[in-house]
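Student: The structure under discussion is supplied below as structure tokens; questions concerning it will follow.
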Amino acid sequence: MATQPRFVVTVDDPGGLIQDLAIFDRARRFFDREGVPVSFYVVPRGEGGWLLDEQTDWLAALHSAERDGHDCQLHGLDHHGCEFGPYPPLVMEMGGPDIEAHLRADTERFGHLWRQDLYEDKLTTAIAIFQRAFGRRPLSLRTGALSQTPELYSAMATVGLRYASNAVTDPRGWKYICELYDEPGDWDPAVPPGPYQLTSAVINLPIISEYAWYLTEEKIPKHLALAVEDVGRVYQVGGVFLLVCHVQCVGAEDGLSQKLLSQLFAIARREHDPLFENVAELVRDLEAGQVGLLAGGG
Ligand SMILES: [Zn+2]
């Protein structure tokens, strides 16, 4: 019997980046209403001396979310200044079309910091804050804006972080964000649409795409159609549909990201009857052999 397909929602930026707890609460209540457990990728440290483990209200809100079936994972340290390497081209393009110029500027400013020993220091600091906040280590790391160099994965191995979620299968979501609808390209053949062994010590839980970033009513049908297409393609090849969305969008008062996601959940339920899981549950199923790894990227 084929296993039930997995649908995993990850929500980035609560905590040190988006410090407004009202935004988090709106997002969390939406997922509760939808009956969808999610993983919040939480930023442990932020501007103004903000530290997750010292924020009583935030800790109460996150612990309450975890008691209700959600889960928290680690989103970098500060989410600031290319902290684990340059941003991937799909993220750089959000700042304008000249990707080479963005890369040159970031490399001049931050390139001397893209070293494995510094990554290990940052990860150790981030894990310690997370551990004080939750009484356990994170299972999974996603860096801020997917900042990365290959040394990140050696650093993850050294500090004992096994699961990255730091690659994108369908970059078209970001082409759509930039309103480049006409020639969006296609899936990245180097990123399989489901968990795969990235290095000998690290497994990647790839993001299929982002569909719900700052929408308008006019954009919703196009972005929803992309998401529906991706869900079908992912399940056809036995992958895991793991999407990223952002707390500042899902928790926005305009309700547009919620509108898209609500429609996507309903269509996925009707067409595929997936099992909605958070990242901790996906990892448990991977380790139990109930979800298999895909062949590695090229
Ligand atoms: Zn982020």
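Student: Take peptides 180-186, 54-60, 90-96 and line them up by average Cβ neighbours within 10 Å, highest first, as a rough protection proxy. It would help to have the intermediate numbers written out before the result.
Tutor: On the way: 180-186: 10.4, 54-60: 13.4, 90-96: 16.9.
Ranking, from highest mean packing down: 90-96, 54-60, 180-186.
Student: Taking amide H positions as placed in the peptide plane 1.01 Å from N, state which residues far from PHE7 in sequence (5 or more) or on other chains have amide H under 5 Å from it.
Tutor: LEU275, PHE276, GLU277
Student: Something else now. For the modelled label position 7 Å from the Cα of ASP182 along Cα-to-Cβ, which residues of region 84-113 have backbone nitrogen atoms closer than 18 Å?
Tutor: 97-98
Student: Once you have the Cα-Cα distance between GLN116 and ARG29, take 0.36 nm times their residue separation minus that, and quote the gain in nm to one decimal. Let's see the in-between values first.
Tutor: Details: separation 87, 0.36 × 87 = 31.32 nm, distance 3.88 nm.
Additional length available on full extension: 27.4 nm.
Student: A further question follows. Go through region 182-187 residue by residue and turn each phi into a ³J(HN,Hα) via Karplus (6.51, -1.76, 1.60, θ = phi - 60°); whole Hz please, and just put x for glycine and proline.
Tutor: 7, 10, x, x, 8, 4
Student: In the neighborhood of VAL240, defined by Cβ-to-Cβ distances under 11 Å, what is the net charge if each Lys or Arg adds +1 and each Asp or Glu adds -1?
Tutor: Numbers: positive: ARG6; negative: GLU277, ASP285.
Taking every other residue near VAL240 into account, the sum is -1.
Student: Can I ask one more? Roughly how many nanometres apart are two label points built 7 Å out from the Cα toward the Cβ at ASP53 and LEU275?
Tutor: 3.4
Student: Here is a further query. List the residues, sorted by chain then number, that are 5 or more residues from CYS245 or on another chain and whose placed amide H is less than 5 Å from its amide H.
Tutor: Excluding prolines and chain starts, which carry no amide H, the hits are THR10, VAL11, ASP12.
Student: Order these peptides, 116-122, 38-44, by their mean beta-carbon neighbour count within 10 angstrom, highest first. Present the calculation step by step, with values, prior to reporting the outcome.
Tutor: Numbers: 116-122: 16.7, 38-44: 27.6.
Order by mean packing, descending: 38-44, 116-122.
Student: Quickly estimate the mean residue ellipticity at 222 nm for the chain, helices only: each DSSP H run with n ≥ 4 gives -39500 (n - 2.57), and the total goes over all residues, rounded to 500.
Tutor: Per the formula, -12500 deg cm²/dmol.
Student: Residues with beta-carbon under 11 Å from that of THR143, excluding THR143: net charge, scoring Lys, Arg +1 and Asp, Glu -1?
Tutor: Working: positive: LYS122, ARG142; negative: ASP12, ASP78, GLU83.
With Lys, Arg at +1 and Asp, Glu at -1, the net is -1.
Student: Regarding the chain, what is the average projected area of its C-alpha convex hull, in nm²?
Tutor: Details: hull surface 59.7 nm².
Mean shadow area of the hull around the Cα atoms is 14.9 nm².
Student: Name the residues whose placed amide hydrogens come within less than 5 Å of the amide hydrogen of VAL240, ignoring near sequence neighbours (fewer than 5 apart) on the same chain.
Tutor: Placed amide hydrogens put GLY194 under 5 Å from VAL240.
Student: When only alpha-carbon atoms count, how far does region 56-101 stretch along each of its three principal axes, as whole angstroms with the largest first?
Tutor: The Cα atoms of region 56-101 stretch 45, 18, 15 Å along the principal axes, largest first.
Student: Which of the peptides 260-267, 46-53 is most tightly packed, and how do the rest follow, judged by the mean count of other Cβ atoms within 10 Å per residue?
Tutor: Values: 260-267: 17.8, 46-53: 14.6.
The densest-packed peptide leads the list: 260-267, 46-53.
Student: I want the local charge near CYS82. Using Cβ-Cβ distances under 10 Å, sum +1 for each Lys or Arg and -1 for each Asp or Glu among the other residues.
Tutor: Numbers: positive: ARG109; negative: GLU83, ASP106.
So the environment of CYS82 carries a net charge of -1.
No value in this document is a laboratory result; all are computed from the given coordinates. Every value quoted in this text rests on a predicted model; they were computed, and no experiment measured them. Counting neighbours? That spans all protein chains shown, and the Cβs are built from the backbone with ideal geometry, glycine included.
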